[in-house]
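Participant: Following this message is one structure expressed as C-alpha cells.
All of the numbers you see were taken from the coordinates with simple rules; none came from a lab. Just so it is clear, the model here is predicted, and its values are computed rather than measured. For neighbour counting, all protein chains shown are included, and Cβ atoms are generated from backbone atoms with ideal geometry for every residue, glycine included.
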Amino acid sequence: MRVVWNDARARIGAVLVLGFVVMGVVGPALVAEPRVGQAPLLVGPFQGGIVGGRWYELTSTSLFGVSVPWVALHWPLGTDNVGRGILEQIVHATPRMLTMIASAGLFVTVLGTSIGALAGYSGGRIDQLLSTVIDIVMTLPGLPLLLILVALLEPKNPVVLGVVLSLQGWAGMARAIRSQVLTIRSTSYVEAAQAMGLSTPTIVGKEIVPNIMPFVMINMVNAMRGVIFASVGLYFLGLLPFSEVVNWGVMLQLAYSNGGLLTVDAAHWLLVPMVAIILLSMGLILFAQGMDRVFNPRVRARHAKTTGDSEETESTETPTRAVSMEGNL
Amino acid sequence: MSEHRTGQAQRQRRKTRRRFIQSVGIAGAAGLAGCAGSNRDAATGGDDESAESDNSSTGDTTAQSTDSVPMTDRTFVTATTNVPKDMQFNPYGQKYPERAALALFENLLYVNEATSTFMPGILESWDIGDEMVTLSVRDGFHWHNGDAVTAEDVAFKLKLEIHDGAAIGNIVEAQDVSVPDDSTVELGLKRAVADEVFLYSLKPIALDTPRSEFQEFLDAYENDGEAPGLTEKTLDEPIGTGPFKFVHARNQELVADKFEDHPDAGQINFARFNWNYLQSNQKQWQALRTDNVDGLDNIFTPENISESYGDHVREIQMPANWGMGVMFNHEHEHYSQQNVKQAIQYVIDREKLAQTAGGKMHVPVEVPCGLPGNFDGSYKEWLGDSLSGFNKYEPNTEKAAALLEDAGFSKQDGTWTDENGKTLEFPFKIPSGWNDWTAGGQSIVQDLNDFGIEASLNPSQSYFDDIYSGQKYVVAGLGWPDGKLYPYFSLNKLLNGFRSTTILKFPRSAEVPPIGEPDGETRTVEFEAELEELAGLTGDAAKQKTQELAWVVNQHLPMAPLMEKVDQAWLTTDDWNTVTQDDEDAIVDWPPYYLPREGKLTAKPE
C-alpha cells in the first residue's frame with residue numbers, strides 16, 4: 001500500500017476514485033432525491049455568495065437521540081430548468097454511473113485477459129481459432145453496431161448498459177494481451193520454470209500475470225473511461241431512453257438543449273456534470289498509472305529498495321539525534 | 001419548431017383522407033340547421049374588404065400608407081429548419097418548406113387565430129350560402145413568370161386539393177367547382193356547413209401549383225381517379241404568387257427577392273428575404289442573440305434565454321390553440337381500456353406540468369374535453385351549463401388506483417400489474433429537441449412513477465416516422481387540438497379524423513352515458529355521422545352537438561389533453577419598424593410573412 005501512496009499520481013487518483021465511491025455509496029442517503037419542482041427554477045450555484053449565502057443553513061439534527069449541529073444545504077450547486085438540484089442529480093446518478101463503469105471494466109478485463117492469455121499461452125489451433133474470433137469482433141464497425149444494439153435493447157439497467165457499450169472493447173485488449181503473453185512465454189525464466197516442471201497454472205499465475213498486470217490495469221481503466229464517454233455521448237445525442245437523471249450525460253444533454261451554452265444562468269448546469277466526468281476519468285487514469293508501481297516487478301523492486309532505504313535512514317537518524325541531544329546537555 | 005411539424009401531419013392526413021373519402025361515399029343530406037348563417041356571412045365577407053382598407057389606419061404609428069415608405073436595400077434575414085437545397089416546392093411532396101412558402105406563395109385567405117377572424121388573401125371576399133359558395137378573386141396578383149392570377153387558377157388549385165383528399169373535399173365535389181367569370185369561383189356544397197368550417201378548410205391552401213406544371217395531374221385525377229406521380233413531382237424553380245420571388249436555394253440559405261407585380265408590393269420597402277439554415281432551437285436562439293437574424297417565425301424560447309436578448313428584440317405571442325397531449329395506442333392491451341386512460345389523466349398533475357414546461361408559455365387544460373381555449377376560457381362558452389357535469393380530472397391518485405383496480409390491475413412491489421402479471425408501462429415517446437416537452441415530460445414521468453406506473457421518457461429523433469408510418473408507439477406526446485379555436489376541428493381530429501382513425505386507432509363509435517351521469521344509460525355515438533352533422537350546424541344546435549361530443553372525449557379520452565401553449569414569434573426593431581402583438585394583423589401565421597403584406601413590417605432607412 002505504501003508503494004502506491006508514495007506516488008503522487010496514485011495518491012490523487014485514489015482519493016478521487018474513493019471520493020466518487022463514497023459519493024455513490026453514502027451520497028444518495030445524505031442528499032435529497034432530485035425531483036421536478038422541488039426548488040425554484042435555474043437557481044445559480046452558491047446562491048447569495050459562498051460565505052453567508054442562502055445555500056446553507058446551520059441547524060441541528062438528532063443523532064441517536066443527541067442533538068448535534070448540522071449544516072443543511074439548499075441546492076448548493078444551483079438547480080435546472082425544472083427545479084431539480086444539480087448536486088442532487090450528480091450524487092444520485094453516481095451509483096448508476098459506478099455500476100455501469102464497474103460492469104464494463106470487469107467485462108472487458110475478464111474476457112480480454114482470459115481469451116488473450118489463453119490464445120497466447122496455448123498457441124497452435126486454439127490460438128488460431130481465438131485470434132480469428134478476436135479479429136472478427138475487432139473489425140465489426142463499432143458505432144453503427146452500438147447504435148443498433150442500443151435501439152434494440154433500450155438498456156436501462158446500468159449493468160446491461162455497461163456491457164453493451166463495451167461489447168467490442170475486450171477484443172483489442174485480448175489482442176494486446178496475447179502478444180504480450182507470446183513474448184513472455186518464450187523468456188528464459190518462463191522456460192526455466194517449465195523445465196523445473198512447475199504446473200501451468202503456477203507458471204501463468206506467478207510468472208506471466210504479474211508481468212501483464214500493469215497492462216491489464218491500464219486497459220481496464222481505458223475501458224471504464226470509454227464507457228463513461230460512450231454513455232454520456234449516447235445520452236447526449238438522445239439515443240438512450242431515461243426516466244430520470246440516471247447519467248451525467250442526461251444532464252449535459254438537457255443543459256445543452258436548454259441554452260446552457262448561451263446564458264450565464266444556465267452555465268452551472270452544463271459545467272458541473274462536465275467537471276464530474278473529468279474528475280472521475282482523471283482519477284481512474286492516475287490511479288491506474290500509480291498501480292503500475294504495484295504490479296511492475298522491476299519498478300516494485302526499485303521501490304522496495306528505496307522504501308527500505310528510507311527506513312534505514314530513519315533508524316540511523318534516531319541515535320544521531322540522541323547523541324546530539326546529549327551533546328547539548 | 002413544433003408547429004412546423006403539424007404541417008407535415010396535415011399533409012400526411014390529406015393522403016390518407018383520399019382513401020378514406022372513397023370508402024365513405026357521398027353523404028348527401030346531413031346539414032339541417034345551418035341556414036341562418038349565410039347572410040351574416042355575406043356581411044363578413046364585406047367586412048373583410050373594408051377591414052383590409054382599414055388596416056393602414058388601424059396600424060400603429062410606424063405604419064405606413066402605401067407611398068410613405070422609401071425603398072431600402074435591406075434584407076430581412078430569418079431562419080429555416082429545412083435544408084434549403086433539399087426544399088421541394090411541390091406542396092404534395094415531401095420537404096415542402098411550410099413556412100418559407102408563406103413568403104413565396106399567396107394563401108387563399110389568412111386567419112387571426114386569436115379571434116378566428118378571416119382576412120383576404122388571393123380571395124377578396126366570399127359569400128357562403130346553403131348550397132353554393134361564391135369566392136371573389138382579388139385583382140392584381142401575378143405568377144412570378146408574369147401571368148395574371150385568374151379565377152381559373154383558384155378553381156384548378158381547389159380541384160387538385162379536393163382530389164388529393166384535403167378537408168375541403170368533405171364539403172365540395174370537384175365537379176361542382178365552376179368559374180363563371182375571370183374573378184369569380186363558385187362552389188356547389190354537398191351540404192350546408194358552418195362558415196368557420198368552410199373557411200378554415202380553405203386556410204391551408206396557397207396558390208402554389210401553376211397549371212403549366214400541374215395540369216397533367218389534375219387530368220390524371222379526372223380520368224383515372226388517381227395521380228400517382230403527384231407526390232414525386234419536382235420543380236427546379238418554384239413559380240410563386242407571393243410578394244417574394246425565389247432566387248436560389250443553397251446548402252445554407254434560401255434567398256428570395258421582392259416581386260414588384262404583387263398587389264401589396266407597395267407596402268414592402270425591403271429588397272430581399274433570406275432564410276438561413278438553423279436547424280435546432282439552440283442555433284436559432286443564438287442567432288437572435290447575436291443579431292444574425294432579423295426575426296423568427298415561431299420558436300419556443302425559455303425565459304432565461306429571452307431575457308438575455310437585447311431590448312430591440314420584440315416578442316409576439318400568439319395563441320397556438322394547440323398543446324401537448326398523450327396519444328394512447330388503442331391497439332395496446334392496456335391503453336385500449338377506458339379505466340387505464342382515465343387513471344393516467346388523474347395521475348398527471350397538469351398544473352405542475354405546465355409550470356415545468358415553461359409557465360408563461362403553457363397553461364394546463366382545465367377540463368379535458370377536447371376543446372381548445374384554455375388561455376381565455378372560451379371553451380366554457382361552448383360547454384355552457386353542461387360544464388359542471390364534465391369530469392375535471394383534478395389530480396387524485398386514489399381515484400386512479402380505484403379505476404385500475406376495477407380494471408383488474410393490482411399493485412405488486414409498488415408497481416401496477418395486470419391480471420396476467422404484466423407491468424403497466426408508460427414509455428412516453430416525444431420528438432427530440434422540443435425543449436418544453438422534454439421538461440414537461442420529466443414531470444409526467446415522475447408523477448406516474450410515484451404512482452407505481454413504470455414510466456420513462458423517450459425523446460426520439462425518428463419520432464414522426466415512427467408515429468406516421470407504422471404507429472410504432474405505446475404512448476406518445478403530440479398536440480391534441482387542431483390549431484383552431486373553433487371546436488369542430490379538434491373534436492374531429494380526436495374522434496373522426498386521420499389522427500383518430502389511423503394513429504390512435506380509436507374505435508369508430510362508443511357507448512356514452514348522458515352528460516354528467518357517468519353511470520346513466522348509454523347511447524351509441526357513431527363518430528363519423530355525428531361529426532359530419534356538427535360541421536353543418538350553427539348557433540345553439542352546434543353548441544348542443546359540441547357538448548355531446550366533448551363529453552365523449554371527456555369520458556373516453558382518445559388522447560389525454562394536458563396543456564395549451566402560446567407560440568412565440570420574434571422581430572427585431574433596430575433596423576425594422578413593426579407593430580406589437582396588440583395589432584390584430586400580428587396574430588396571423590406568421591408575423592415575418594404576414595406583416596410585410598400589410599405594411600406593418602418595414603425597413604428603417606439605412
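Participant: Might you report the magnitude of the Cβ-based charge dipole of the protein assembly as shown about its Cα centre, with Lys and Arg at +1 and Asp and Glu at -1, to the nearest 20 debye?
Facilitator: Around 5780 debye, computed over the protein assembly as shown.
Participant: Moving on to the next point. Give me the net charge of residue B:406's neighbourhood, meaning all other residues with Cβ under 14 Å from the Cβ of residue B:406; Lys, Arg count +1, Asp, Glu -1.
Facilitator: Computed value for this residue: -2.
Participant: Here's something else I'd like to know. What value, in deg cm²/dmol to 500, does the helix sum -39500 (n - 2.57) over DSSP H runs of n ≥ 4 give at 222 nm once divided by the residues of chain A?
Facilitator: Rounded to the nearest 500, the figure is -23000 deg cm²/dmol.
Participant: To continue, here is another question. If one computes the Cα centroid of the stretch A:272-296 and of the stretch B:207-263, what distance in Å separates the two points?
Facilitator: 61 Å
Participant: A further question on this structure: Given R₀ = 45 Å, what would the calculated FRET efficiency be for residue A:68 paired with residue B:469, taking r from the Cβ atoms and rounding to 0.05?
Facilitator: 0.10
Participant: To the nearest whole number, what is the average tally of beta carbon atoms from other chains within 10 Å of the beta carbons of peptide A:257-269?
Facilitator: Other-chain Cβ atoms within 10 Å of each residue's Cβ, averaged: 5.
Participant: Tell me the relative contact order for chain A as a rounded percent, counting alpha carbon contacts under 8 Å between residues six or more apart.
Facilitator: Reported as a whole number, the value is 24 percent.
Participant: Which whole-number percentage describes the relative contact order of the stretch B:106-228, with Cα contacts under 8 Å and a sequence gap of 6 or more?
Facilitator: After rounding, I find 27 percent.
Participant: For B:515, A:218, what ranking results if the residue with the fewest other Cβ atoms within 10 Å of its Cβ goes first?
Facilitator: Ordered from fewest to most neighbouring Cβ atoms within 10 Å, B:515, A:218 come out as A:218, B:515.
Participant: Right, something else. Give me the percent relative contact order of chain B, please, defined on Cα pairs under 8 angstrom at least 6 residues apart.
Facilitator: Taking the mean separation of contacting Cα pairs over the length of chain B, I get 21 percent.
Participant: If we count trypsin sites (Lys or Arg not before Pro) as exposed when they sit in a DSSP loop and have at most 15 other beta carbons within 10 Å, what is the longest stretch of chain A that avoids them all?
Facilitator: That gives A:157-329 as the longest site-free run.
Participant: Take every residue in peptide B:273-285, count the Cβ atoms of other chains within 10 Å of its Cβ, and give the average of those counts.
Facilitator: Per-residue shielding by partner chains comes out at 1.
Participant: Report the label-to-label distance for residue B:222 and residue A:128 in nanometres (one decimal), using points 7 Å from each Cα along the Cα→Cβ vector.
Facilitator: Once both label points are built, they end up 7.7 nm from each other.
Participant: Right, something else. Excluding same-chain residues fewer than 8 positions from residue B:233, which lysines have a Cα within less than 20 Å of its Cα?
Facilitator: Filter leaves B:15, B:85, B:95, B:157, B:159.
Participant: Of B:132, A:94, B:562, which is farthest towards the positive pole of the protein assembly as shown's charge dipole, taken about the Cα centre with +1 and -1 on the beta-carbons of Lys, Arg and Asp, Glu respectively?
Facilitator: A:94
Participant: Take the Cβ-Cβ distance between residue A:275 and residue B:236 as r, set R0 to 45 Å, and report the resulting FRET efficiency rounded to the nearest 0.05.
Facilitator: Once rounded, the FRET efficiency stands at 0.30.
Participant: Here is a further query. How much mean residue ellipticity at 222 nm does chain B get from its helices, if each DSSP H run of length 4 or more adds -39500 (n - 2.57) and you divide by all residues, to the nearest 500 deg cm²/dmol?
Facilitator: Result for chain B: -10000 deg cm²/dmol, rounded to the nearest 500.
Participant: I need the GluC sites (Glu not before Pro) found in the stretch B:252-327, filtered to DSSP loop residues with at most 13 other beta carbons within 10 Å of theirs.
Facilitator: In loop regions of the stretch B:252-327 (DSSP not H, G, I, E or B), the sparsely surrounded GluC sites (Glu not before Pro) are B:260.
Participant: Moving on. Starting from the Cα of residue B:422, draw a straight line to each of the lysines and keep only those under 16 Å, dropping any in the same chain fewer than 8 residues away.
Facilitator: Within reach: B:411.
Participant: Next up: Taking R0 as 35 Å, what FRET efficiency do you get between residue B:175 and residue B:528 from their Cβ-Cβ distance, rounded to the nearest 0.05?
Facilitator: 0.90
Participant: Hey, another quick one. Quantify how strongly other chains surround peptide B:299-310 by giving the mean number of their Cβ atoms within 10 Å of each of its Cβ atoms.
Facilitator: Mean partner shielding for this stretch: 3.
Participant: Among DSSP bridges having both ends in the stretch B:320-564, what percentage is antiparallel? Round to the nearest 5.
Facilitator: 65 percent
Participant: Can I ask one more? Excluding residues on the same chain fewer than 8 positions from residue B:545, give the lysines whose Cα lies under 17 Å from its Cα.
Facilitator: B:380, B:493
Participant: Now a separate question. Would you mind classifying the stretch B:106-228 by shape? Square roots of the alpha carbon gyration tensor eigenvalues, ordered a ≥ b ≥ c; an a/c under 1.5 is rounded, otherwise it is prolate if a/b is larger than b/c and oblate if not.
Facilitator: oblate
Participant: Next question, about the same structure. Which chymotrypsin sites (Phe, Trp or Tyr not before Pro) in the stretch A:34-92 sit in a loop by DSSP (not H, G, I, E or B) and have at most 12 other Cβ atoms within 10 Å of their own Cβ?
Facilitator: Passing sites in the stretch A:34-92 are A:64.
Participant: Let me ask something else about it. Could you size up the charge dipole of the stretch B:106-228 around its Cα centre, putting +1 on the beta carbon of Lys and Arg and -1 on that of Asp and Glu, and report it in debye to the nearest 20?
Facilitator: That gives the stretch B:106-228 a dipole magnitude of about 320 debye.
Participant: Could you give me the ³J(HN,Hα) list for the stretch B:237-246, computed from phi with Karplus coefficients 6.51, -1.76, 1.60 and θ = phi - 60°, whole Hz, x at Gly and Pro?
Facilitator: 9, x, 9, x, 9, x, x, 10, 9, 3
Participant: Can you pick out the pairs among B:203/B:360; B:352/B:472; A:156/B:472; B:283/B:565 whose Cα atoms lie more than 25 Å from each other?
Facilitator: Table pairs above 25 Å Cα-Cα are B:203/B:360; B:352/B:472.
Participant: Further question on the same structure: Loop only by DSSP, 10 or fewer other Cβ within 10 Å of the Cβ. Give me the GluC sites (Glu not before Pro) in the stretch B:366-446 that pass, ordered by residue number.
Facilitator: B:419
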